[in-house]
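*Asks:* Please see the structure below; I have some questions.
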Amino acid sequence: MKKVYFKTFGCRTNLYDSQVMMSSLQEYEITENEAEADVIVINSCTVTNGADSHVRSYIGHVEKSSEAKIFLTGCGAHTKGEKLLKEKRVHGVFGQSEKQKIDFMLSQEKPFYNPGDLNHIDNVIVDDFVGKSRAFIKIQEGCNFRCSYCIIPSVRGDARSMNESRILEQISKLSLNGFGEFVLTGTNVGSYGQGEGTSLAKLMKKISQIRGVRRIRLGSVEPIQITDEFKEILDEPWLEKHLHIALQHTSPTMLKLMNRRNVYKQDRELFEFLREKGFAIGTDFITGHPGESEEIWSEAMKNARELPLTHIHAFTYSKRDNTPSATMKPEVNGKVASQRLHELENLIQEKNIKFRNAYKGSLDVLLESEKDGLFHGFDQHFNKVVVESKEDLEGNWINIQNYEVKGDCNYVKL
C-alpha cells in the first residue's frame, strides 16, 4: 500500500480534520515519517499571511526533498488552492467537506480542484487519535460573527453544530480507548447549539457523565458566550481551570473598528470574576490593525495591565483580501506592529509567572510526550509542565505537589 503523511498547520480544528482523514483512509497506509511517504496531504491554515507563507515554504521543502505527490486541503484550499494548482505545485486541492472521501481524492490521476461545500457537517466517528494523548473533538463548524479583519467565515462558512449524539458516541469510544482529556474545538466553539435548543454548557455536562472522561478543555470562546448557564459549571472538577476568551483588543475604539461584539468594561468584569474562581485566562490579540495609533496602543496596554491574563495568543495584523479591514487607513508599520506584539507578550509572560508562583495547590498533569528523559504535558491551568523521570510516564496522569516554577514551565524531578 502507498504511504500517506499528513502535515497539519493551524488550529485544533485542523488537527481534528486530519484525524478524520486518517480514520477514513482504507486504501493507503498512514506514516508518521515524512521521508517514506508516497503522498503528502497538507491541511492548511490561511488566517494570516504568515500561515500562507508557512504552507508555501513547506511545499518548497517537499519539492526539494521528495518525489511525493502533494495534495492541499484546509482553509488555504479556498484562498490559495487554485493558484498553487496552476503553478503545478500541488496535484490536487479539496475542501474540508471532502475529508471522508480521502481515498477517492488521493486516487485521482489528473490534477483537480474541488472546494467542496461550505455548509457541510461532519458525521464521522473518530475513535483514535494517531500520535496524541489528548483527543480533539470538533463540535461545530463555521462562524456567524463578521469581524472586519477575518477571512474565516468565507472559508469555513456560517456556524452550524455537529450532532450531539455523534459527539457523545465519539467521546464514549475514545474514552474506552484510553483517552481521558477531551478538547472541544471548532471555528466558534461557544456558538454550539444556537437555534437548536441546546448549548455548550449542556453538551459539556453530558460529556462529563461519560465514564472515563477526566478533563474537558475548550477552544477559544467569546466573552458574550460565558453566559449565566455557563457560569454554573465553573466549579465542576472536570472543567479545566483555564479558559481562552477571545478579546482581540482592549481599546474600545479599536474594538469598534474591528466590528467586535465585546465591550472592554464588561470583559474586565468577567475576567475578574473568573480570577476569583481560580481560573487562568488566555486571550487572542491583534496588534497593528489599521487605525491603531500610539494613543490607542497606550490605552490598550494600560487595560492589558489591569486584566488578570495568564496566556496570550497574539499576532500582528495580516491583511486578508475581501475583508473590510483591508481597505482601512491609516495602516500601521509592520515593525511597529511587531514591537507592540513583543511588548504585550512580555507583559503576559510576567503575569503568567506571577500566577504560577502565587498558586499553592497541586498540579494535575497529563504527560503527552517524551524527549531525552523529559516528559512534557500541561496542568489544569494549561501551563507547560516538564517532568524528569527514569520511569516511562508518557500518556500517564500524575499529580504533582512540589515543583519548581521556571520561566516557561513548571519543572519537577521524580
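The values are calculated or read from the model by the stated rules, or taken from the named source; none is laboratory data. Computed from a prediction, not measured in an experiment: that's the story for all the values here. Counting neighbours? That spans all protein chains shown, and the Cβs are built from the backbone with ideal geometry, glycine included.
*Asks:* For Gly50, state whether it is among the small types (Gly, Ala, Ser) and assigned to a loop (DSSP other than H, G, I, E, B).
*Replies:* Spelling it out, it is not the case that Gly50 is among the small types (Gly, Ala, Ser) and assigned to a loop (DSSP other than H, G, I, E, B).
*Asks:* Among the residues in region 136-145, are any more than 30 Å from Thr316 (Cα to Cα) and either crowded, with 17+ Cβ neighbours inside 10 Å or among the acidic types (Asp, Glu) (or both)?
*Replies:* No, there is no match, as no residue in region 136-145 is more than 30 Å from Thr316 (Cα to Cα) and either crowded, with 17+ Cβ neighbours inside 10 Å or among the acidic types (Asp, Glu) (or both).
*Asks:* Quick check on my filter: what residues within region 200-213 are surrounded by 15 or more Cβ atoms within 10 Å (Cβ to Cβ) and either in the same structural domain as Trp397 (by TED's automatic domain parsing) or among the small types (Gly, Ala, Ser) (or both)?
*Replies:* Ala201, Ser208
*Asks:* Would you call Ser208 without any contact (Cβ under 8 Å) to a residue 40 or more places away in the chain and over 19 Å from the mean Cα position of the chain (by Cα)?
*Replies:* yes
*Asks:* Sticking with this structure for a sec: Restricting the first residue to region 57-82 and requiring it to be assigned by TED's automatic domain parsing to the domain that holds Lys7 and in a helix (DSSP H, G or I), which pairs with a second residue that is modelled with pLDDT under 90 and of a type in the set (A, V, I, L, M) meet a Cβ separation below 6 Å and a spacing of at least six or different chains?
*Replies:* If the second residue must be modelled with pLDDT under 90 and of a type in the set (A, V, I, L, M), the pairs left are His78/Val155.
*Asks:* When you check Val336 against the structure, is it of a type in the set (Val, Ile, Thr), in contact with a Pro (Cβ under 9 Å, 6 or more places away or on another chain), more than 24 Å from Ala280 (Cβ to Cβ) and surrounded by 15 or more Cβ atoms within 10 Å (Cβ to Cβ), yes or no?
*Replies:* no
*Asks:* I'd like to check something: does region 110-133 contain any residue that is part of a loop (DSSP other than H, G, I, E, B), of a type in the set (Lys, Arg) and modelled with pLDDT of 90 or more?
*Replies:* Scanning region 110-133 turns up at least one residue that is part of a loop (DSSP other than H, G, I, E, B), of a type in the set (Lys, Arg) and modelled with pLDDT of 90 or more.
*Asks:* Which ones in region 223-238 are surrounded by fewer than 20 Cβ atoms within 10 Å (Cβ to Cβ) and either over 20 Å from the mean Cα position of the chain (by Cα) or not β-branched (Val, Ile, Thr) (or both)?
*Replies:* Thr227, Asp228, Glu229, Phe230, Lys231, Glu232, Ile233, Leu234, Asp235, Glu236, Pro237, Trp238
*Asks:* Separate question: Output yes when any residue across region 162-183 is at pLDDT below 90 and over 27 Å from Gly377 (Cβ atoms), and no when none is.
*Replies:* No, region 162-183 contains no residue that is at pLDDT below 90 and over 27 Å from Gly377 (Cβ atoms).
*Asks:* What tally of residues in region 32-58 results from selecting those that are of a type in the set (Val, Ile, Thr) and at pLDDT below 95?
*Replies:* Residues meeting the conditions: 4.
*Asks:* Could you pull out every one of the strands (runs of 3 or more DSSP E) wholly within region 320-414 that has 2 or more residues that are touching a helix residue (DSSP H, G or I) at 6+ places or on another chain (Cβ under 8 Å)?
*Replies:* none
*Asks:* Could you check Ile281 against (1) assigned to a loop (DSSP other than H, G, I, E, B); (2) buried (at least 16 other Cβ atoms within 10 Å of the Cβ); (3) not assigned by TED's automatic domain parsing to the domain that holds Gly193 and say which number it fails?
*Replies:* (1)
So that you can scan it fast, the table gives a plain yes or no per residue for (1) closer than 27 Å to Phe355 by Cβ; (2) in contact (Cβ under 8 Å) with a residue 40 or more places away in the chain; (3) touching a Pro at 6+ places or on another chain (Cβ under 8 Å); (4) surrounded by 19 or more Cβ atoms within 10 Å (Cβ to Cβ):
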position	(1), (2), (3), (4)
Glu269	yes, no, no, no
Glu272	yes, no, yes, no
Trp297	yes, yes, no, yes
Glu306	yes, no, no, no
His311	yes, yes, no, yes
Ser318	no, yes, no, yes
Ser325	no, yes, yes, yes
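*Asks:* Exactly one condition in (1) under 19 Å from the mean Cα position of the chain (by Cα); (2) crowded, with 20+ Cβ neighbours inside 10 Å; (3) closer than 30 Å to Asn33 by Cα is false for Lys132; which is it?
*Replies:* With (1) under 19 Å from the mean Cα position of the chain (by Cα); (2) crowded, with 20+ Cβ neighbours inside 10 Å; (3) closer than 30 Å to Asn33 by Cα applied to Lys132, the lone miss is (2).
Yes/no per residue for (1) touching a Leu at 6+ places or on another chain (Cβ under 8 Å); (2) more than 26 Å from Thr185 (Cβ to Cβ); (3) in contact (Cβ under 8 Å) with a residue 60 or more places away in the chain; (4) not hydrophobic (A, V, I, L, M, F, W, C):
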residue: Phe6; (1), (2), (3), (4): no, no, no, no
residue: Gln26; (1), (2), (3), (4): no, no, yes, yes
residue: Thr31; (1), (2), (3), (4): no, no, no, yes
residue: Val93; (1), (2), (3), (4): yes, no, no, no
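*Asks:* Find the residue count for region 169-191, including only residues that are in a loop (DSSP other than H, G, I, E, B) and either assigned by TED's automatic domain parsing to the domain that holds Asn396 or crowded, with 20+ Cβ neighbours inside 10 Å (or both).
*Replies:* 4
*Asks:* Now for a different question. With the condition kept exactly as written, say whether any residue in region 116-123 is under 21 Å from Ile40 (Cβ atoms) and either touching a residue at least 40 places away in the same chain (Cβ under 8 Å) or of a type outside the set (D, E, K, R) (or both).
*Replies:* The answer is yes, given that some residue of region 116-123 is under 21 Å from Ile40 (Cβ atoms) and either touching a residue at least 40 places away in the same chain (Cβ under 8 Å) or of a type outside the set (D, E, K, R) (or both).
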